[in-house]
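Just so it is clear, none of the values below were taken in a lab; they were calculated from the coordinates. Just so it is clear, the structure is predicted and the values come from calculations on it, not from any experiment. Cβ atoms come from the backbone with ideal geometry, glycine included; neighbour counts cover every protein chain shown.
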Amino acid sequence: MGEFTKVLKKKDITHYFNYLRYPKGQAYVERMNRTLQDEFIMYYEDYELEDIHEFNKKMLQYMLWYNIERPHHSLNKKSPLQFFVIL
């Protein structure tokens, strides 16, 4: 991790870790990564976004849509916001 950490610090990127000894948590992380890959990254990799800030802006828009509007099967076809706020 030494070189990886150096690059992250050089680019001022925060590295987040999940909880130790919590295997269930890893499953949630992996599932979210898969969803991001399938629904967002695969779509935008064809556009060859060279500007990381533009890519992050588009990802933020996707995450807002994902949490506010996108129906989730596990939440009875409600968005997370609808499920937790009971809209």
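Remarks
- Complete set of residues in region 8-29 that are assigned to a helix (DSSP H, G or I) and surrounded by 10 or more Cβ atoms within 10 Å (Cβ to Cβ): Leu8, Lys9, Gly25, Gln26, Ala27, Tyr28, Val29
- Residue tally, condition part of a helix (DSSP H, G or I) and closer than 19 Å to Tyr28 by Cβ, over region 50-87: 12
- Look at region 58-73: where a residue is free of Cβ contacts under 8 Å to residues at least 12 places away in the same chain and under 12 Å from Thr35 (Cβ atoms) and a partner is surrounded by 15 or more Cβ atoms within 10 Å (Cβ to Cβ) and of a type in the set (Ser, Thr, Tyr), sitting 6+ places away or on another chain with Cβ atoms under 6 Å, you get Arg70/Ser79.
- Check on His15, in contact with a helix residue (DSSP H, G or I) (Cβ under 9 Å, 6 or more places away or on another chain), of a type outside the set (S, T, N, Q) and at negative phi: yes
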